[in-house]
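Read-outs: derived from the displayed coordinates by stated rules, not from any lab. Since the model is a prediction, treat every value here as computed from it, not as a measurement. Neighbour counts run over all protein chains shown; Cβ positions are idealised from the backbone, glycine included.
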Amino acid sequence: MSDKTGDEAAERLVRALQATNQAIIGGTVEMSERNVKFAQGVLQQGSEVLKSYGRTQTLLQELVELTQRQQGAFLALVTSATAAQEQTIHFAQNTLEQGIEVLKGQAESARALLQTLADRYQEQQEAFQTLAAESARAYMDFLSTPLSYYQQALATAESMTRQGMETAQQMMQSDDRGWRSWTSQKEDLREEKT
């Protein structure tokens, strides 16, 4: 019966370890997906900002070449610079907001993962305690077996000694007939031993 309980405890421990590993993998995949989405958003917005700055640089070069003859180019430069600045502000704001969202999601995932790990740890502890108790019980059974055999042997030896002493006393009290009876009993005892 203790082997069955020990096997069940070991099986529970294995199931708890498998569930823990699945929870860790699920949390890791979820965090990785959020990180990829965040990086994609940052790269896309960064690309737009760089394009905007590239346009601004082009307009600046044209402005230097045309100087004041083309007031429209200067106005386009100002407009482009303003748009680039607005995109930069928008980019920074989105990056900050998305970063905060990613951090919140990771914190929530980490909290959920820690809770799952705590639950699995509790299950593992219970399974380990059951397994340890069963092992200790089996060991105690193993140690007590030789002691019970020794106690039985001692009781048998005491019984035989008592019978031998009673027989010797009866022999002393009786005459020749007692001597024969004792010899007969001695032979019976030998036969019982074998």
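Evaluated at q = 0.17 Å⁻¹, the base-10 log of the normalised Debye intensity for the chain, with identical point scatterers placed on the Cα atoms, takes the values -1.10. Computed from Cα positions, the angle between helix 176-193 and the longest principal axis of the chain comes to roughly 20 degrees.
Of the residues L43, A112, T5, the one whose Cα sits farthest toward the positive end of the charge dipole of the chain, with +1 on the Cβ of Lys and Arg and -1 on the Cβ of Asp and Glu, is L43. Between T28, T56, L75, the Cα set farthest toward the positive side of the dipole of the chain (charges on each charged residue's Cβ, about the Cα centre) is that of L75. Relative contact order for region 2-157: 50 percent, from Cα pairs under 8 Å spaced at least 6 residues apart, divided by residue count. Charges were assigned to the Cβ only: +1 to each Lys and Arg, -1 to each Asp and Glu. The resulting dipole of region 93-151 about its Cα centre is roughly 140 debye. Placing unit charges on the Cβ atoms only, positive for Lys and Arg and negative for Asp and Glu, gives the chain a dipole magnitude near 620 debye about its Cα centre.
Relative to the longest principal axis of the Cα atoms of the chain, the long axis of helix 71-173 lies at roughly 0 degrees.
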